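One structure is given here, and the rest of the page talks about it.
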Ligand SMILES: [Ca+2]
Ligand SMILES: [Ca+2]
């Protein structure tokens, strides 16, 4: 893959020429997605501190076992569940999807009316400033969105199952604590066992997991530490096929995400961040409201580029690689997203002028040219380097080693620096061209 954007061409009377060009070469890497999730038990609850089943807890419709095993709330959320035995063999393993949630007594614990569940996380949960969307932990229940027409046989083909906007949910009130004694409550929500339903596996027909001969679509387990965009609501999914919904989820397992920043929690003196270690879930009062808990997960911080990307693009724009992909061009043209980021800029908007990547200053009294550009100094997926060539006819002639002159750099905005090359002008100088190139790290 080679993307090149020509910005301007400046010829200088003294036989020094500058080709202001921004290129990106080498192999592409999809840096905007979270890495494949490597399960870590400490990302979840590790201990049940207290459980009171309350009243109204049901039982597994296949085995008759009661939904009162609180240990089911520990560890990661359910990836695969089973078919229900009515029309499909109950021995079949089926991935959890938004229209077919975890529903077995070995997967979930129910909190009945008047009951509660208190869990301890495997490590402190921080209001980490790098968490995607500011969300710090995620609760997985067994909320679901039904299909239209309702069939329950989504395994036929996820392209043929279309969701409706309604969510079947049983809201649980969520409180958090640092010591298990003093509690802080998300009084106005979000609530446990509500939108968004869990997605157990990534949709990838090119790499289906070996969970049954029928499976042509569902691949590796999703990442339960990566929240969905909070701007996404159930009605956004109405009328979409299960394929489209899974593509919106991407690598995320869904669930309901929470921001500790909303609560008046004490600050950790070591980090300066709010934090918690315990979580309590109680049903909202109301007949039949008996929330299920599958898991609670700690959100993984995102890279600087991922957070830039989440801030710059809506969830709909991120679905379209021509707009939101690493090599997409926003809603304008002229500069792919990874390069806009690497140069310390915002994404390209429709109608944006294409500002030069390099500025040229001619200091006649110094008999020199000054070439300035800005680039990220943090962990950008591409690094911007300055190259030069003596022969524009030679495509292989570009090199950082050809750059002659004095290079200095100084901090610009946080995470960026301004770089300046001072090029001496000689009466007898050969032709020289300069360009910026983005190199995948
Ligand atoms: Ca937060
Ligand atoms: Ca439920």
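Quick note: the coordinates plus some simple rules give every number you see, no bench work behind them. Source: prediction; values computed, not measured. Neighbour counts run over all protein chains shown; Cβ positions are idealised from the backbone, glycine included.
Rounded to the nearest Å, what's the spacing between the alpha carbon centres of segment 89-140 and segment 211-265? Just the number, please.
That distance is 12 Å.
Using a/c under 1.5 as the rounded threshold, could you call segment 295-398 rounded, prolate or oblate? The axes a ≥ b ≥ c are square roots of the C-alpha gyration tensor eigenvalues, and prolate needs a/b larger than b/c, oblate otherwise.
Taking the square roots of the gyration eigenvalues as a ≥ b ≥ c, segment 295-398 is prolate.
What are the equivalent ellipsoid semi-axes of segment 52-135, built from the alpha-carbon gyration tensor (square roots of five times its eigenvalues), in whole angstrom, biggest first?
The equivalent ellipsoid of segment 52-135 has semi-axes of 28, 20, 10 Å.
Given points 7 Å out from each Cα along the Cα-Cβ axis, report the residue 400 to residue 327 separation in nanometres with one decimal.
2.2 nm
Counting only C-alpha contacts under 8 Å and six or more residues apart, can you give the relative contact order of segment 41-301 as a whole percent?
Worked out over segment 41-301, it gives 30 percent.
Who wins for biggest fluctuation among 332, 250, 75 in a Gaussian network model of the chain, springs between alpha carbons below 10 Å?
Top of the fluctuation ranking is 332.
Please report, in whole Å, how far the alpha carbons of segment 41-301 spread along each principal axis, starting with the longest.
53, 39, 31
For the chain, set up a GNM with springs between Cα atoms under 10 Å and report which of 269, 171, 230 has the largest fluctuation.
269
Under the rule of -39500 (n - 2.57) per DSSP H run of 4 or more residues, summed and divided by the residues of the chain, what mean residue ellipticity at 222 nm is obtained, to the nearest 500 deg cm²/dmol?
-2000 deg cm²/dmol
For the chain, max minus min Cα coordinate along each principal axis, in Å, sorted largest first?
91, 52, 34
Can you give the relative contact order of the chain as a percent, counting alpha carbon pairs under 8 Å and 6+ residues apart?
Computed over the chain, the figure is 20 percent.
Would you mind classifying segment 243-307 by shape? Square roots of the alpha carbon gyration tensor eigenvalues, ordered a ≥ b ≥ c; an a/c under 1.5 is rounded, otherwise it is prolate if a/b is larger than b/c and oblate if not.
Here segment 243-307 falls in the oblate category.
What is the order of 314, 175, 252, fewest Cβ neighbours within 10 Å to most?
Exposure proxy ranking, most exposed first: 314, 175, 252.
Which one of 47, 406, 285 has the biggest mean-square fluctuation once the chain is modelled by GNM with Cα springs under 10 Å?
Among 47, 406, 285, the largest GNM mean-square fluctuation belongs to 406.
In whole angstrom, how long is each semi-axis of the equivalent ellipsoid of segment 118-239, when you take the square root of 5 times every eigenvalue of its Cα gyration tensor and sort them from largest down?
Each semi-axis is the square root of five times an eigenvalue, giving 31, 18, 13 Å.
Given axes a ≥ b ≥ c from the Cα gyration tensor, I'd like to know whether segment 202-339 is rounded (a/c under 1.5), prolate (a/b larger than b/c) or oblate.
Oblate is the answer for segment 202-339, as a/c is 1.5 or above yet b/c matches or exceeds a/b.
Treating segment 169-261 as a set of equal point scatterers at the Cα positions, no solvent, please give the Debye-formula log₁₀ I(q)/I(0) at q = 0.16 Å⁻¹.
Results for segment 169-261 at q = 0.16 Å⁻¹ read -0.75.
Taking only C-alpha pairs under 8 Å that are 6+ residues apart, what is the relative contact order of segment 72-148 in percent?
29 percent
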